[in-house]
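Taken together, the values in this text are just the output of simple stated rules run on the coordinates, not laboratory data. Quick caveat, the model's predicted, so the values are computed rather than measured. Here the Cβ is made from the backbone with ideal geometry for all residues, glycine too, and neighbour counts use every protein chain on show.
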Amino acid sequence: MADFEFKIDGRKVSPSAFTTAMGKDIKAKAMKLARAAAEKKIRSIRCPVHGGYAKVVPERTSFKITGCCDKQMDRVKKAFR
């Protein structure tokens with residue numbers, strides 16, 4: 001029988017803790033990729049009224065896109081269609 005030892009940041013962890021940590025790491029990487037993709041899509045969308053750019057705002061387990069006005073947000077929504 002094989003004996004496995006799991007370490008995260010140099011600490012020994014149980015197999016279940018390792019699985020939980022891996023799941024969190026995968027979710028974090030997926031969120032980072034999604035955020036980067038959203039930022040790339042909206043990077044060049046400038047508000048026709050105020051001249052500003054929309055922003056990707058990170059939240060605890062997600063992100064949101066904000067803009068200065070409805071016209072800018074309409075342009076952002078159009079980019080995601």
(message) So if I check each of Lys41, Lys55, which one is surrounded by 12 or more Cβ atoms within 10 Å (Cβ to Cβ), at negative phi and touching a Phe, Trp or Tyr at 6+ places or on another chain (Cβ under 8 Å)?
(response) Lys41
(request) Quick one: which residue in Thr66, Thr61 is of a type in the set (S, T, N, Q), within 30 Å of Asp25 (Cα to Cα) and over 13 Å from the mean Cα position of the chain (by Cα)? (result) Thr66
